[in-house]
Amino acid sequence: MVKKIKIDPGHGGKDPGGIANGLQEKNIVLDISKEMKRYLDEDYTDHKTTLTRFTDVFIELSERANIANRTNADVFISIHVNAGEGTGYESYIYTKASANSVKLQTLVNAEALETAKKYGLRAHGDDKKRGNLAVVRETAMPGILTEIAFIDSEDAELLKNKDFIKDMAAAYARGVAKYLDLPVKKMPVPMEESKVVERDINKVSDWAKSSWDEATSNGYFDGSRPRASITREESAIVVNRLRRNFLKLITENSDDIKVLEARLHEIEKENQE
């Protein structure tokens with residue numbers, strides 16, 4: 001069954017959200033949301049992920065919840081950036097959250113904090129906050145609101161880091177995917193490149209040396225390129241040498257050789273029919 005994921009980039013349009021250090025919250029959260037959708041689409045199956053806004057437009061808080069409710073989303077995540085000169089990551093679920101919302105927050109927080117730690121960012125106080133926030137109060141499905149970092153503190157340097165943005169978006173995606181138990185896409189296994197074995201065609205193999213020496217001394221080969229592949233025309237030369245020697249072996253009489261050769265031609269013709 002296809003799971004529906006609704007991602008909500010906070011603010012937008014006339015509402016820029018937090019502004020500081022040359023950054024606007026509405027732009028950052030839209031980038032995170034798009035990156036999160038891309039990660040989900042590329043790495044997981046059995047889901048349909050959409051955003052409440054794809055461009056810089058303003059949407060009322062209640063309408064954001066209504067959008068998720070109308071589409072019967074299975075999970076709702078609202079993406080925000082914090083302000084207030086603090087530092088760290090935090091998230092919120094509704095004050096009277098369901099057990100599923102608690103589970104969603106736990107899984108998303110685990111992924112987000114593990115990723116944030118790589119950048120020296122930790123939780124801002126209690127990482128399992130609750131609040132009477134409209135977007136998590138009015139949505140009918142399990143929902144969470146995340147605050148990735150503070151726009152008006154030293155955290156701003158992280159918010160300017162594209163790798164941090166991508167990694168945190170991927171962390172959010174993994175948390176949601178774990179909550180919904182989404183199947184991971186099977187990646188094609190690259191075929192192992194054929195190993196080219198180089199060999200010296202001018203050096204006879206130990207196991208064939210005595211036979212090669214005998215064949216060359218008997219005039220069937222000229223002694224060169226013992227490990228080279230033999231062509232059909234080269235095979236024809238060897239066969240004809242054997243053929244002539246066989247006839248000579250039977251009789252010393254040239255007339256008899258001609259008779260035997262004629263008879264051999266007949267036998268060969270019979271074998272072809």
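The values are calculated or read from the model by the stated rules, or taken from the named source; none is laboratory data. Owing to the predicted nature of the structure, the values given are computational and were not obtained by experimental measurement. So basically every Cβ, Gly included, is an ideal-geometry build from the backbone, and we count neighbours across all protein chains shown. In case anyone asks, the SASA skips ligands and DNA or RNA and just uses the protein heavy atoms, side chains included. Shrake-Rupley method; radii C 1.70, N 1.55, O 1.52, S 1.80 Å.
A few comments on the model shown:
- Screening Gly175 on (1) more than 15 Å from Ile7 (Cβ to Cβ); (2) touching a residue at least 60 places away in the same chain (Cβ under 8 Å); (3) within 31 Å of the chain's Cα centre (by Cα) shows it passes everything except condition (1).
- Of the candidates Ile7, Ile59, the single residue that is over 20 Å from Ser91 (Cβ atoms) and touching a Lys or Arg at 6+ places or on another chain (Cβ under 7 Å) is Ile59.
- Among the residues making up region 17-60, those that are at positive phi and in contact with a strand residue (DSSP E or B) (Cβ under 7 Å, 6 or more places away or on another chain) are Gly17, Asp46.
- Lone unmet requirement of (1) touching a residue at least 12 places away in the same chain (Cβ under 8 Å); (2) among the charged types (D, E, K, R); (3) open to solvent by 50 Å² or more (accessible area, probe 1.4 Å) for Lys129: (3)
- Of the strands (runs of 3 or more DSSP E) contained entirely in region 1-84, those carrying at least 2 residues that are in contact with a Leu (Cβ under 9 Å, 6 or more places away or on another chain), open to solvent by less than 10 Å² (accessible area, probe 1.4 Å) and touching a residue at least 60 places away in the same chain (Cβ under 8 Å) fall at 3-9, 75-82.
- Residue ID - surrounded by the fewest Cβ atoms within 10 Å (Cβ to Cβ), chosen from residues in region 228-246 that are of a type in the set (Gly, Ala, Ser) and under 19 Å from Ala208 (Cβ atoms): Ser229
- If the condition is being open to solvent by 50 Å² or more (accessible area, probe 1.4 Å), within 20 Å of Phe164 (Cα to Cα) and assigned to a helix (DSSP H, G or I), then region 93-120 contributes Ala110, Glu114, Lys117.
- Some residue of region 182-198 being among the hydroxyl-bearing types (Ser, Thr, Tyr), assigned to a loop (DSSP other than H, G, I, E, B), out of contact with any Phe, Trp or Tyr (no Cβ under 6 Å at 6 or more places or on another chain) and at pLDDT below 95: yes
- Of all the residues in region 137-151, those that are open to solvent by 50 Å² or more (accessible area, probe 1.4 Å) and either closer than 18 Å to His124 by Cβ or in a helix (DSSP H, G or I) (or both) number 1.
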